[in-house]
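Working notes, beginning with the structure itself.
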Amino acid sequence: MESGKLKYPILETIYSPDDVKALHKKQLPQLAQELRDFIIETVSETGGHVASSLGAVEIILAMHRVFDAPQDKLLFDVGHQAYAHKILTGRRERFHTLRQAGGVSGFPKRGESIFDAFDTGHASTAVSAALGMARGLKLQDLDSAVVALTGDGALTGGLNFEAFNDIDDEELPLVVILNDNEMSISPNVGSLNRRLVGIRTSRIYVRFKRALVRFLETGRFGRFLSRRMLGFKNGIKRILMPNNLFEEFGFIYIGPVDGHNVRKLEKVLRRARLIGRPVLVHALTQKGKGYTHSEGDPQKFHGIAPFSVMTGKVTGEPQASCSAVFGQTMVALAKENPKLVAITAAMEAGTGLSEFALLYPNRFFDVGIAEEHAVTMAAGMAAVGLTPVVAVYSSFLQRAYDQLLHDVALQNLHVVIALDRAGLVGEDGETHQGVYDPGFLATMPNLAVYAPASVRELREMLTMAIARREPAVVRYNRGTLPDSKLLTPITFGKWEVLQPLGEINIIAAGTMVPLAHWVAKKNGYGCVNARFLQPLDTDVLDDLKQRDAKILVVEENIVSLGLQIASYCNPCLVKTLGLPVCSVTQATVSRQREWFGLTERGLEQMLESLKP
């Protein structure tokens with residue numbers, strides 16, 4: 001690069017949406033390319049969501065050209081589409097801190113910028129929140145538009161359709177933009193995806209409908225006809241614009257439109273803004289647009305670790321993850337058990353089920369981003385004799401709390417939840433931490449909760465959960481576990497005593513077991529591997545209680561196991577080391593553990609406080 005020459009000549013002049021509005025329309029294609037290059041360059045160093053953000057660049061440019069944020073409210077469903085939005089709203093110079101401690105969040109975050117109208121780390125929330133905002137602004141006589149960018153798989157989520165059903169053709173300045181890229185994380189599935197492929201707009205129908213509505217709203221005779229002409233209007237609709245799902249929900253539908261043509265998008269959005277009624281703009285895009293490697297493999301580049309821009313390969317040699325071990329074990333067990341089926345909510349690759357899907361396509365079910373449906377469908381399968389395993393991230397199982405309790409646990413149905421990304425997950429930040437599930441799982445009857453501390457325990461516990469005829473959750477962390485030998489065979493409901501019990505003892509679960517074992521061995525304390533969070537091993541706890549022992553409970557989640565042990569072992573002195581009730585911002589997992597004292601030094605300091 002020549003001295004004094006800007007690497008990104010247009011982008012480096014953008015500090016706010018006003019600067020975007022000031023550009024000549026001929027400059028927009030170059031700005032879109034610069035945004036893509038800047039995102040690729042940055043995320044190759046930080047890791048993050050590449051493909052989704054590349055696909056939404058022109059849509060976001062058009063949104064900021066037409067609407068006036070922050071007065072107008074811009075919401076981004078599955079918020080990993082929003083990198084261009086962050087860059088254009090004053091965060092370009094800090095974007096190199098993406099997903100790092102104290103840096104720019106990987107998702108929209110109200111506390112980070114006035115331009116982020118709503119926190120959206122999970123899918124399918126934006127339309128519902130946008131409807132609430134539109135109604136709230138109208139009740140306060142505030143003249144603001146509300147825009148929700150959805151799609152990228154989020155449309156399969158039921159919450160979207162609950163919001164659609166509630167819109168009911170109100171007079172609200174609400175614009176929903178459907179980013180139709182035929183992908184979520186894995187390719188989109190189901191009848192809705194097939195329906196989208198066939199939807200087309202008709203200007204003839206829109207003009208006809210408007211004229212008819214104006215006529216029927218005029219005078220007593222018009223209103224009389226209106227009550228009797230519903231069937232006639234629907235017939236005309238079927239002739240002029242068949243099978244338009246969104247019109248049935250009360251939207252004025254515009255599209256499909258080229259989602260990579262800023263001029264066309266800007267024109268369509270200006271038209272949508274003037275209508276003053278709910279409008280859905282259907283934009284067709286390519287996930288991973290503008291980067292050969294992400295275009296060729298958008299699933300891999302949905303969320304990726306740091307990578308080489310030239311080759312597209314992840315830097316470093318990652319070890320086999322817990323997700324991969326789970327997937328391998330499922331394939332091995334499926335050979336012996338023809339009733340074993342696997343279910344995922346748009347996370348085939350992320351949960352390690354790609355090989356299972358390839359080898360057993362008739363026993364693999366991807367339901368899209370619909371965790372509630374995944375769990376209840378699994379309950380139905382279990383009720384007729386199958387053995388369903390639902391692979392889901394901890395932060396997404398939260399969405400299916402009622403289904404797990406009502407449809408699985410209370411009915412005592414044999415559904416196994418393979419709970420991936422349990423514990424601290426690092427750079428994805430508050431909305432993705434897997435630290436909340438032990439608290440709500442512990443209250444569910446009939447539910448066994450396994451906490452493997454090694455690769456071998458993960459394999460054997462999954463095998464045991466599938467073999468036993470009861471509801472079960474096997475929770476394991478993002479990344480890897482040590483591949484240590486099993487010192488003690490796994491017996492259901494029994495913990496493993498790693499160091500002889502004594503006056504002072506550590507009870508640890510999952511990822512914290514290797515650290516606890518090391519500290520206990522080094523200092524001569526008792527140590528227990530709590531292999532099951534539910535049921536508790538009352539034999540071990542009774543032994544500790546009879547000794548009047550002092551206990552430190554260590555867990556990588558909001559303190560839950562520690563509270564149960566403290567209650568059971570009363571009046572023994574029990575201290576807990578885990579997370580308080582809090583949110584956990586983005587950082588590396590090791591840094592997050594330091595924040596909460598889940599380190600060798602942190603354990604030793606807590607143990608010192610137990611000494612006489």
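The values are calculated or read from the model by the stated rules, or taken from the named source; none is laboratory data. Since this is a predicted model, take the numbers as computed values, not measurements. Cβ coordinates were reconstructed from backbone atoms using ideal geometry, including for glycine residues, and neighbour counts include every protein chain displayed. The area values use the complete protein model at the heavy-atom level, side chains included, leaving out ligands, DNA and RNA. Shrake-Rupley method; radii C 1.70, N 1.55, O 1.52, S 1.80 Å.
In the chain, carbon and sulfur make up what percent of the accessible area (probe 1.4 Å)?
Answer for the chain: carbon and sulfur cover 53 percent of the accessible area.
Roughly how tilted is helix 262-275, in degrees to the nearest 10 and between 0 and 90, from the longest Cα axis of the chain?
80 degrees
Placing +1 at every Lys and Arg Cβ and -1 at every Asp and Glu Cβ, with all other atoms neutral, what dipole size does segment 405-563 have around its Cα centre, in debye to the nearest 20?
400 debye
How do Lys86, Lys21 stack up against each other in accessible area, from largest to smallest, with a 1.4 angstrom probe?
Of Lys86, Lys21, the descending order of accessible area is Lys21, Lys86.
At 222 nm, what value in deg cm²/dmol follows for the chain if DSSP H runs of at least 4 each add -39500 (n - 2.57) and the sum is divided by all its residues, to the nearest 500?
Counting only the DSSP helices, I get -11000 deg cm²/dmol.
Calculate, in nm to one decimal, what Thr599 and Arg94 gain on full extension: separation in residues at 0.36 nm each, minus their alpha carbon distance.
Extra length available between Thr599 and Arg94 comes to 178.8 nm.
Please compute the modelled spin-label separation between Glu162 and Tyr15, points set 7 Å along Cα→Cβ, answer in nm with one decimal.
4.3 nm
Just going by the charge dipole of segment 24-173, with Lys and Arg at +1 and Asp and Glu at -1 on Cβ, which of Leu31, Leu155, Gln71 is farthest out on the positive end?
It is Leu31, whose Cα lies furthest towards the positive end.
Going by alpha carbons, how many degrees (0 to 90, nearest 10) lie between the helix axis of 219-228 and the longest principal axis of the chain?
Rounded to the nearest ten degrees, it is 50.
Just checking the chain: which Cys have no other cysteine's beta-carbon under 4.7 Å?
Those would be Cys322, Cys527, Cys582, since no other cysteine Cβ in the chain comes under 4.7 Å of theirs.
Any lysines with Cα under 29 Å of the Lys5 Cα? List them, leaving off those in the same chain fewer than 8 positions away.
Leaving aside lysines fewer than 8 places away in the same chain, those within reach of Lys5 are Lys21, Lys25, Lys26, Lys86, Lys289.
Just want the answer: with Cβ charges of +1 for Lys and Arg and -1 for Asp and Glu, which residue in Leu577, Tyr525, Gln546 is farthest toward the dipole's positive end in segment 521-585?
So the residue furthest toward the plus end is Tyr525.
Dipole size in debye (nearest 20) for segment 430-498 around its Cα centre, Lys and Arg Cβ +1, Asp and Glu Cβ -1?
Here segment 430-498 has a charge dipole of around 200 debye.
How many nm is it between the label spots at Lys5 and Ala320, if each spot is 7 Å from the Cα in line with the beta carbon?
In this crude spin-label approximation the distance works out to 5.0 nm.
Pull out the extension gain between Asn362 and Phe440, defined as 0.36 nm times the separation in residues minus the alpha carbon to alpha carbon distance; nm, one decimal.
So the extension gain works out to 24.8 nm.
For Asp548, Asp258, write out the residues from largest to smallest accessible area, computed with a 1.4 angstrom probe and no ligands counted.
In descending accessible area the options line up as Asp548, Asp258.
Taking square-rooted eigenvalues a ≥ b ≥ c of the alpha carbon gyration tensor, is segment 342-452 rounded, prolate or oblate, where a/c under 1.5 means rounded and, failing that, a/b exceeding b/c means prolate?
Oblate, since a/c reaches 1.5 and b/c is not below a/b.
Just to confirm a number: summing +1 for Lys and Arg and -1 for Asp and Glu over residues other than Arg475 whose beta-carbon lies under 12 angstrom from that of Arg475, what do you get?
Neighbourhood net charge equals -2.
Decide, for segment 42-111, between rounded, prolate and oblate: order the square roots of the alpha carbon gyration tensor eigenvalues as a ≥ b ≥ c, take rounded if a/c falls under 1.5, and otherwise choose prolate if a/b is larger than b/c, else oblate.
prolate
For Ala101 and Glu248, calculate 0.36 nm times their separation in residues minus their Cα-Cα distance, and state this gained length in nm to one decimal.
Computed gain between Ala101 and Glu248 is 48.4 nm.
Can you find, among Leu424, Val408, Asn477, the residue sitting farthest towards the positive end of the charge dipole of segment 404-505, where Lys and Arg contribute +1 and Asp and Glu -1 at Cβ?
Projecting each Cα onto the dipole axis, the largest value belongs to Val408.
Treating the beta-carbon of each Lys and Arg as +1 and of each Asp and Glu as -1, no other charges, what is the dipole magnitude of the chain about its Cα centre, to the nearest 20 debye?
I would put it at about 2120 debye.
Tell me, what is a quarter of the convex hull surface for the C-alpha atoms of segment 1-126, in nm² with one decimal?
Average projection, Cα convex hull of segment 1-126: 7.9 nm².
Once amide H atoms are placed 1.01 Å from N in the peptide plane, what residues at a sequence separation of 5 or more from Asn477, or on another chain, have their amide H within under 5 Å of its amide H?
Placed amide hydrogens put Ala422 under 5 Å from Asn477.
Where both partners of a DSSP beta bridge lie in the chain, what percent of those bridges are antiparallel, to the nearest 5?
15 percent
Which order do Met310, Met63 take by accessible area at a 1.4 Å probe, largest first?
If we order Met310, Met63 from most to least accessible, we get Met310, Met63.
On a 0 to 90 degree scale, rounded to 10, what angle separates helix 371-383 from the longest Cα axis of the chain?
60 degrees
Would you mind giving the average projected area, over all directions, of the Cα convex hull of segment 16-60 in nm² with one decimal?
Mean shadow area of the hull around the Cα atoms is 3.4 nm².
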